[in-house]
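A short worksheet on the structure shown next.
The values are calculated or read from the model by the stated rules, or taken from the named source; none is laboratory data. All values derive from a computational prediction rather than experimental measurement. Note: ideal-geometry Cβ built from the backbone for every residue, glycine included; neighbour counts use all protein chains shown.
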Amino acid sequence: MPDGLQITKEALEQYRSQAGARAFFETLGYPTMDPLPWEPADLPQGARKTVRSVHQIVHLGDGSPFRIFHVELNCGAIRRSDVRRFLEAFYRHYPQGENLFVFSPGCTGGQDACPYEELAFVSPRRLPALRGSSPVRLWLRILQVQRERPYRTDLEVLDRIRADGTRNPEEIWQRHEEAFSVQRVTEQFFQDYRRVFTRLQEHLEKSHPQNDRKWARDTTHQLLNRIMFLYFIARKGWLLGPEGKPDRDFMRHFWEAYRQAGTQDAFHRDWLDVLFFEAFNGRFQNREDYRRRFPKWVLDALAQAPFLNGGLYTRRPGLDDRLERPFPDEAFALLFEQWTDGTCPGLFERYNFTVVESGHLDEEVAVDPEMLGAVYERLVNVTFESEEDLRGTAGIFYTPRTEIDLMCRLALVDWLGNRLKSKDLLYRWVFALSEEEKQEADQAVTQEGLWEDLDKFVRRVRVCDPACGSGSFLVGMMLVLDDLQARCNRALGRSETPYERRKRILQDQLYGVDVMEWAVRVAELRLWLQLVVETELHPAELRFRPLLPNLSFKLR
C-alpha cells in the first residue's frame, strides 16, 4: 500500500471521537480547530430530532467558506433519510459556502463505550431549484466507511481530499468535487474488471479449445455475476463469518479458509460449487466428507445460507456442463487475494459494494447495481471483435440514470393521463422527488379524491422494454412504481412490506426482451438486487423462503 494511503488508513482508525476527528483532518493537511459545538436551534424540529450533536472542525475563508462538520445522529444507524432531512434544513438556513459532513450513528452507551465504527462522509452539491418546488435541492455524494476495515477505494477517495496546506476554499472544494466523483470510481472499476475478465476468458479459451469463444465469454460472465451477487448479499449480513456473526467480508474469509486447508486447485469444484449449487439452493447436507473438508464456521455458514432461487445459482445447460476443467486457484487469487501488508490485488477486495442503487438526488461512492449497467455497455469493447458493428445492430448504448428516470415518469404521466383527468396534478404527483414535494402532491391528491383510481391504475400498468439491455429502464420503472404504490398504500391504510411490494411489481408488471442473452442476465441481477435491498427477513425465513422470483419468463 502506498505510504499516503497507509497514513490515511492509520488516521482513520483513530477517528473514534471528536478529538480523533480533528486529528484525522489534521493528517489530511487541514487547519483545524477544537471541535466547536454547533447548536442547530434555528432548524425545524424534525431536523433537530435527527441529530444528537453537531461539531465544526474546519472553517476556511469568510464570505463563501469551506467547512467540515461532524454530525452524530440520534439513530443507531446511518439512514439516508435522516441525513437528507438534516442537510436540507441546514442549507435552507445556512446557504453560504460549501461543506463536508461526516455522520456517525448515535450511541446510548456514551462515546467511550461506542466509538464511531461506521462513518459516512457526505459531500452535498446544490442543484438549481425547480419551479414550484423546494428552494433547496441537494445532490448528495456519500462515502460510507467501516472505520477499522476501509476498502482501498475508500482510502483513495479520502486521500484525494487532502488540503496539504491549501487555504483557498474554492480550490479545496474542487478537490472534493473530483474525489467524490462516482464516474471516476466507475471508470476505475471498469478498467480493473476488464483486465480480470479478459484473463479469465483467455484461460478458458486455452483450457477448452473444443468450445467456442462465445462459450468462454458467457461462462466468464456467469462466474463473475455469481460472485458479484454474493458480495452484494454479504453486505446485507446474510452470510456468517468465522465468529458466527454476519460477515461483510465473507468471501475473503471463505477464500482464506480454503488457503489454510492446504489443497491445490480445488477451490472451484470443492468449495465454490458447494456454496453456489447446494447452500444457496437449500440442499446443503452436513456430510462426513464435508466435515473433513471444511472448518466448523464454514459448515455453519453453508448450513445457514439464504435460499437464493431464481436461476442464478442453478447449473445452466450449455455452460456449466461444458466446463470440464474448473478454474485454477490463480484465477480466484485475481478476485479475492489480500496480502498481509494490506494491499488488495484481488478485484472484489478493492471496492466497497452497496446494494442501494443511487437515488434521484444522491449517489454512493461505491460499486452499486447501477454500475453494472455501465460496465455491461463498455464490455462490448472486450468481448466482441467488431464493437462498432455490434453496437449498430444490437443497439447497445448505456443511458444515464437521470434520463431514464425522466422517461419513466413521462411515460407514466402520459399513460395515467389517458385514463384520468387532472394531468397537471398527475405531473406534480409523479414528479415529486423530495419528501416536501411528495407531501404537497399527496395532499392535493387527497383533496381531489383520486387515491383509489391512482392505486388501481399504478397496479394495473404493464411495462415492457423491447430492448432491455442491462435493465436500466426496468429498474428505473420499478423504483418509480414502488414509490407511487407505497404512497397509495399509506393513503389508503394498506399494509404491505417493501419486499412484498417490489416482488409483486417484479412478478406482475415488468417485462423485458433483448437479443443479447448475457445482457438479460445482468438485467436479472439488477432486478434481484432491487428486491434484496428491501428484504428484512428473519434468518430462519432466509433459509426456507425462496427470496428471488424466477425471471426466465419475464426477461428473455
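Observations
- Scanning region 56-75 for residues that are touching a Ser or Thr at 6+ places or on another chain (Cβ under 8 Å), over 21 Å from Arg167 (Cβ atoms) and surrounded by fewer than 18 Cβ atoms within 10 Å (Cβ to Cβ) turns up at least one hit.
- When every residue of region 161-170 is checked against the conditions, at least one turns out to be of a type in the set (Gly, Ala, Ser), outside any helix (DSSP H, G or I), at positive phi and surrounded by fewer than 21 Cβ atoms within 10 Å (Cβ to Cβ).
- In region 131-160, residue nearest to Glu118 (Cα to Cα) [restricted to those that are polar (S, T, N, Q) and not in a helix (DSSP H, G or I)]: Gln146
- Filter pass, Phe277 being outside any helix (DSSP H, G or I), more than 24 Å from the chain's Cα centre (by Cα) and surrounded by 15 or more Cβ atoms within 10 Å (Cβ to Cβ): no
- Screening region 345-358 for residues that are in a loop (DSSP other than H, G, I, E, B) and more than 21 Å from Ser181 (Cβ to Cβ) and picking the one that is modelled with the highest pLDDT gives Gly346.
- Pair list, Cβ < 9 Å and 6+ apart or interchain, from region 156-176 residues that are over 30 Å from Glu349 (Cα atoms) to residues that are surrounded by 12 or more Cβ atoms within 10 Å (Cβ to Cβ) and β-branched (Val, Ile, Thr): Thr166/Ile172
- Those residues of region 21-38 which are more than 27 Å from the chain's Cα centre (by Cα), without any contact (Cβ under 8 Å) to a residue 24 or more places away in the chain and in a helix (DSSP H, G or I), in sequence order: Ala23, Glu26, Thr27
- When Gln201, Gln174, Gln222 are screened for being under 30 Å from Phe66 (Cβ atoms), out of contact with any Phe, Trp or Tyr (no Cβ under 6 Å at 6 or more places or on another chain) and either of a type outside the set (A, V, I, L, M, F, W, C) or assigned by TED's automatic domain parsing to the domain that holds Pro295 (or both), only Gln174 passes.
- Residue that is closer than 18 Å to Gln146 by Cβ, in contact with a Phe, Trp or Tyr (Cβ under 9 Å, 6 or more places away or on another chain) and of a type outside the set (S, T, N, Q), where the choices are His55, His59, His70: His70
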